[in-house]
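This report refers to the structure that appears directly beneath it.
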Amino acid sequence: MPQPLVFGARPMQLERAIHLFAGQLRRRYSEEICSDAKKFKNRVVSIIRRELPPFPGRPTEEAINRAIELHKQGQLWKEIYPQCISYHFELEPPARRQAESNLRAAIRSRRNAARRRRKRQRQLNAESIAS
């Protein structure tokens, strides 16, 4: 069983793990490497990049996550705002309304982005099935 990667314990451990991984890839996928080594290498690197952080996109904000969860639980917006907007009751009325509007817009934007991603994925799946 391979040893877990511990950073700082042995500086060469990560390099050794990658060296062993590359050797396994060369042995298992020698035919693909021979047919188009550059394409294979780009594919491997893109998969590794996808699997390791930082992940694409903006980091999620805890206030938005909490507001979405509270809204799903059926709470009213008037109850959600003070829990998700810092210093909600201390804000002047125009600033408070703007913060409330921004929170709702952020939730709507996240929902719409998720819909776009699902739609794009369905289109890609349909294209791959048709090919």
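The table for this structure:
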read-out	value
The chain, dipole about Cα centre (Lys/Arg Cβ +1, Asp/Glu Cβ -1), debye to the nearest 20	620
Most positive-pole-ward Cα, 65, 93, 83, against dipole of the chain from beta carbon charges	65
Quarter of Cα convex hull surface for the chain, i.e. mean projection, nm²	14.7
Net length gained if the chain between residue 64 and residue 109 were fully extended (0.36 nm per residue, minus Cα distance)	15.1 nm
Alpha-carbon spread of the range 62-130, three principal axes, descending order, Å	57, 24, 17
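A short reminder: the numbers here are calculations on the coordinates, not readings from a lab. Since we're looking at a predicted model, the values are computed, not measured. Cβ sites come from the backbone with ideal geometry, for glycine too, and all protein chains shown count toward neighbours.
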